[in-house]
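Right, one structure below, let's go through it.
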Amino acid sequence: MAQHVQGVIAPGKNESVRVETIVIPDPGPGEAVVKIQACGVCHTDLHYKQGGINDEFPFLLGHEAAGVVESVGEGVTDVAPGDFVVLNWRAVCGQCRACLRGRPWYCFDTHNAKQKMTLPDGTELSPALGIGAFAEKTLVAAGQCTKVDPEVSPAVAGLLGCGVMAGIGAAINTGQVGRGDSVAVIGCGGVGDAAVVGARLAGAAKIIAVDIDDRKLETAKKMGATHTVNSRATDPVEAVRSLTGGHGADVVIEAVGRPETYEQAFYARDLAGTVVLVGVPTPEMKLELPLLDVFGRGGSLKSSWYGDCLPSRDFPMLIDLHQQGRIDLGAFVTETIGLGEVEQAFARMHDGDVLRSVVVL
C-alpha cells in the first residue's frame, strides 16, 4: 500500500522550497523504500531549485543521504529490510561496455527507480539525482543502496552520498595523487575540502588550498592543507608555482566549475601534470585555451564523475577509515536542521557560512 510522508519540493524555478505530503508507492521489482535518517544539503539541490539542471519541476530535493531499508521489491537480493545504507546516485548496471571492461565507476547505464513518487493529486515528482531524500522515506533502485556499518552516525554516513565522496575520489581515484605529490585545490567548499582530505590520505607532501574567502581557507587548513592562497588578493597561478619550486603542482583539482578557475588550474599545474575538474559547470559556460598550450604542457585533463567512485568499494572503506580516526567525516557537518529549514540552509550555503547543513529526521 502506498505511503504518505513529508518531503521538501522545489515547485518552480527560483521559488522557495516547501514541505509537502509525498506519496511513496510500494517497491516494484529491483526497487527499495528507504526510511531516511539524515540528508546533507548539497549545492546540487540548489542548482535544481534554480533550474540549473533541467526544468522538470516539481523536484523532490535531497540526495546526500543515509537511512534504513524498510522494504524491497521482487528480485532484490543485495539489501534487505533493516539494512543501514548510504544512498548513491550512480547505481551501476553491470552490463554496459564500461562495466564489462572492468570499469564500473564509469557505468554508462546507471539506473533509478522506475516508479514515480507523486503529490497526493497525482503530480509526478522528479527526484534529485534519482533519489529525493529530503523526505521521511524515498523510493530508489535497490542498486542505489550501499550497506555500511550501522554504528556510524547517519549524519556523517550520508555525506558520502555526494560531496565528500566527490572530493575524496577526485584526489584519490581520478587524480591518482601519490605519495610526495604536490596538490592544489581551487575552491574550498565541501567538495574542495574533501579533496584536501583525499590528498592528505593519499600521502601528498604539499596541499595548497585556493579560495577567495579566508574563512574557507582556515577550514581547509584544519582539513589538512599545508598552504593557503587567497586568490582575491594574489594571482593563484603564480602563488602555486612559487610554492612548488616555480614548476606548478603535480595535481590541480578544480572544485568550482567555472571557466576562469579552470584556466587557473590549467596553468597552475606542472608540465605533464594533471587537472581534475570536479566542480559542476552550468550549460552556457564555455572554455577557451590555446591548443598549442594543451599540446605543449602535456599531462592529463580529466573530469571526475562522482569522484569516479564505486560505492560498494569506496563507501565502506571510507566509513572504516572514519571509525579508525584516520579521517574525520564529522568535521564536514556544520549544523543539523529539520525538513522545514532547508530554504534557510540554502541561504547560509550561498553566503559561505556552512560547510554542510544536514537534515536529520
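Looking at segment 187-207 only, could you name the residues that are crowded, with 24+ Cβ neighbours inside 10 Å and at positive phi? Correct list: 187 only.
Does residue 216 qualify as being of a type in the set (D, E, K, R) and in contact with a Ser or Thr (Cβ under 6 Å, 6 or more places away or on another chain)? In short, no.
Taking segment 49-103 as the search range and keeping residues that are within 15 Å of residue 159 (Cα to Cα) and among the aromatic types (Phe, Trp, Tyr), which one is modelled with the highest pLDDT? By that ranking, first place goes to 84. Only one of the numbered conditions (1) farther than 15 Å from residue 175 by Cα; (2) touching a helix residue (DSSP H, G or I) at 6+ places or on another chain (Cβ under 8 Å) is violated by residue 249, and that is (1).
The residues of segment 83-141 that are assigned to a loop (DSSP other than H, G, I, E, B) and under 18 Å from the mean Cα position of the chain (by Cα), listed by number, are 88, 89, 90, 92, 107, 110, 112, 131, 132, 133, 134.
Criterion first (under 17 Å from residue 360 (Cβ atoms), touching a residue at least 24 places away in the same chain (Cβ under 8 Å) and of a type in the set (S, T, N, Q)) does residue 138 satisfy it?
In short, yes.
For segment 326-342, a residue qualifies if it is touching a helix residue (DSSP H, G or I) at 6+ places or on another chain (Cβ under 9 Å) and either within 16 Å of residue 194 (Cβ to Cβ) or open to solvent by 30 Å² or more (accessible area, probe 1.4 Å) (or both), and the qualifying residues are 326, 327, 328, 329, 330, 331, 332, 333, 334, 335, 336. Pairs meeting the criteria (first residue in segment 241-263 and surrounded by 21 or more Cβ atoms within 10 Å (Cβ to Cβ), second residue among the aromatic types (Phe, Trp, Tyr), beta carbons under 7 Å, at least 6 apart or on different chains) are 254/262.
You will find that of 248, 298, 257, the residue that is on the phi > 0 side of the Ramachandran plot and touching an Asp or Glu at 6+ places or on another chain (Cβ under 9 Å) is 248 and no other.
Listed here are the residues, each with its yes/no results for (1) under 16 Å from residue 303 (Cβ atoms); (2) among the basic types (Lys, Arg); (3) modelled with pLDDT of 95 or more.
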residue	(1), (2), (3)
181	no, no, yes
205	no, no, yes
216	no, yes, yes
237	no, no, yes
244	no, no, yes
262	yes, no, yes
265	yes, no, yes
268	no, no, yes
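For every residue, the table says whether it meets (1) surrounded by 19 or more Cβ atoms within 10 Å (Cβ to Cβ); (2) without any contact (Cβ under 8 Å) to a residue 60 or more places away in the chain.
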residue: 9; (1), (2): yes, no
residue: 33; (1), (2): yes, no
residue: 52; (1), (2): no, no
residue: 66; (1), (2): yes, no
residue: 71; (1), (2): no, yes
residue: 89; (1), (2): yes, no
residue: 98; (1), (2): no, yes
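Hey, among the residues in segment 279-315 that are of a type in the set (Gly, Ala, Ser) and over 23 Å from residue 189 (Cβ atoms), which one's surrounded by the most Cβ atoms within 10 Å (Cβ to Cβ)?
Residue satisfying both the conditions and the ranking: 299.
The single condition from (1) under 23 Å from residue 19 (Cα atoms); (2) touching a residue at least 60 places away in the same chain (Cβ under 8 Å); (3) open to solvent by 40 Å² or more (accessible area, probe 1.4 Å) that residue 106 fails is (1). Considering only segment 135-187, state which residues are under 17 Å from residue 275 (Cα atoms), touching a Phe, Trp or Tyr at 6+ places or on another chain (Cβ under 9 Å) and among the hydrophobic types (A, V, I, L, M, F, W, C). Matches in segment 135-187: 166, 186.
Here residue 231 qualifies as crowded, with 18+ Cβ neighbours inside 10 Å, under 29 Å from residue 52 (Cβ atoms) and of a type outside the set (Val, Ile, Thr).
So, residue 357, is that one within 18 Å of the chain's Cα centre (by Cα), modelled with pLDDT of 95 or more and open to solvent by 60 Å² or more (accessible area, probe 1.4 Å) or not? Taking the combined requirement at face value, the residue does not satisfy it.
Yes or no, residue by residue, for (1) among the β-branched types (Val, Ile, Thr); (2) in contact (Cβ under 8 Å) with a residue 12 or more places away in the chain:
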residue: 313; (1), (2): no, no
residue: 323; (1), (2): no, yes
residue: 331; (1), (2): no, yes
residue: 334; (1), (2): yes, yes
residue: 338; (1), (2): no, yes
residue: 357; (1), (2): no, yes
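Inside segment 149-186, residues that are among the β-branched types (Val, Ile, Thr), surrounded by fewer than 23 Cβ atoms within 10 Å (Cβ to Cβ) and not in a helix (DSSP H, G or I) make up a count of 1.
The values are calculated or read from the model by the stated rules, or taken from the named source; none is laboratory data. This is a predicted model, so every value here is computed, not measured. All Cβ positions, even for glycine, are placed from backbone atoms using ideal geometry, and neighbour counts span all protein chains on display. Just so you know, the surface numbers come from the protein's heavy atoms only, side chains and all, with ligands and any DNA or RNA stripped out. Shrake-Rupley method; radii C 1.70, N 1.55, O 1.52, S 1.80 Å.
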